[in-house]
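Take a look at the structure set out below.
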Amino acid sequence: MIVRWLLSFALALSSLAGPAAAVRVATAEPLQPGPGQYHEARVRVLSNASIAGGATVTVKVAGVGGVPAGGVSSVAANFAAKGASGTGGLIVYPSELTAAPGVTGTRYRSGVWEDQLLTVKLGTDGSIKVKNTGSAAVNVYAEVRGYFSATAAGPAGAAYVPLDTARLVSNQSVAANSTSTFTVTGVGGVPATGVAFVALTFAVKTTGSGKMFAYPSGGTLPGGADIEYRPSYFQSNLVIVAPGADRKIAVNNGGPAALSVYADVAGYFVTPAAAVSPSALVRVAPARIAGNVTVAAGATATVAPLGKGGVPASGVSAVGVNITAKGTANGMIRVYPGGQGRVWCGR
């Protein structure tokens, strides 16, 4: 299998103060307002927009919906793309860059929707650019799920705590056109209290076509799906979701067949009142940190992101990376911290 690693998440999470990062100093006091904190805001900024082959569009984000007009460094946005007549990719990047960086945010195919949550740095004008690398038009939805603050102005947000990966939902079936709930706090290294959001990688598979939505237990079904799935293939996406008052999330299956669901935790965001010392997001421009790495069947490859692509060489607790993979047979890849023991998927 050939794997391309790139920083299209456009972030590094730093645990130490330094010239390349504006971060929170370790303390047992409740979290104070600061840069790199996450705030939930849900608004669609592209709605079935057609982007011609090779074309680039500029999308205004700051000041739209619940996203403030200023003081925003990056946004977490879900992109859904479907090729009109061919395959290709989307590059999503800050608006002030005159040329698209050599990365891929998400790939798409003809006639089917592909979902990808990306964290993207905003340009100085509060916009992002979206480039279609394919030769034919692509239809795109983009929905902001939240934003990261650039300054200490305004209310305190939620700050990220990375974890060793752990499975929280393992091959659970959600019936057709129904909703199931799953506990996501007090398990897998996530504390039982003080959690504002959890970062989960979902993988789903079924015999039909439909949509999967993840949202707080007891909440309202959101308008934008997290995964639009099709028969017989595992499809995945990263989701940042708040637990409900019962410490659970709801997973809705909007399709005519039962859906097999897996969810692995990558980390969580603490509430402002939590007396912990989390990390703060530091934005970097998208950059490729490794390319065309061949990973043999059943093997593991190690990639060292520190000191590459704008990521500091030290003081970093986690990085956001996007991975593109292509193999000669069906399979899967699992990404986890280098210090964690080998992780098995168990499915």
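The values are calculated or read from the model by the stated rules, or taken from the named source; none is laboratory data. Keep in mind that this is a model prediction, so the values were computed, not measured. In this analysis, Cβ positions are derived from the backbone assuming ideal geometry, glycine residues included, and neighbour counts consider all displayed protein chains.
Across segment 109-139, the qualifying residues are those that are under 20 Å from Gly210 (Cβ atoms) and of a type in the set (A, V, I, L, M), and the one among them that is modelled with the highest pLDDT is Leu117. The residues on offer are Ser217, Ser209, Ser236, Ser180, and the sole one that is over 27 Å from Val75 (Cβ atoms) and touching a strand residue (DSSP E or B) at 6+ places or on another chain (Cβ under 6 Å) is Ser180. Among the residues of segment 143-160, are any free of Cβ contacts under 8 Å to residues at least 40 places away in the same chain and over 19 Å from the mean Cα position of the chain (by Cα)? No, that holds for no residue.
Residues in segment 258-289 that are under 25 Å from Thr104 (Cβ atoms), outside any loop (DSSP other than H, G, I, E, B) and at pLDDT below 85: 5 in all. Each residue in segment 131-156 was checked for being outside any loop (DSSP other than H, G, I, E, B), hydrophobic (A, V, I, L, M, F, W, C) and under 16 Å from Phe79 (Cβ atoms), and 4 pass.
Out of Val251, Val284, Val261, one residue alone is surrounded by fewer than 23 Cβ atoms within 10 Å (Cβ to Cβ) and of a type outside the set (Ser, Thr, Tyr). It is Val284. Across segment 299-326, the qualifying residues are those that are polar (S, T, N, Q) and within 20 Å of the chain's Cα centre (by Cα), and the one among them that is surrounded by the most Cβ atoms within 10 Å (Cβ to Cβ) is Asn322. One residue alone among Ala296, Ala329 is more than 22 Å from the chain's Cα centre (by Cα) and at pLDDT 85 or above, and that residue is Ala296.
Looking only at residues in segment 215-248 that are of a type in the set (A, V, I, L, M) and either farther than 21 Å from Ala159 by Cβ or in contact with a Cys (Cβ under 6 Å, 6 or more places away or on another chain) (or both), the one that is surrounded by the fewest Cβ atoms within 10 Å (Cβ to Cβ) is Ala245.
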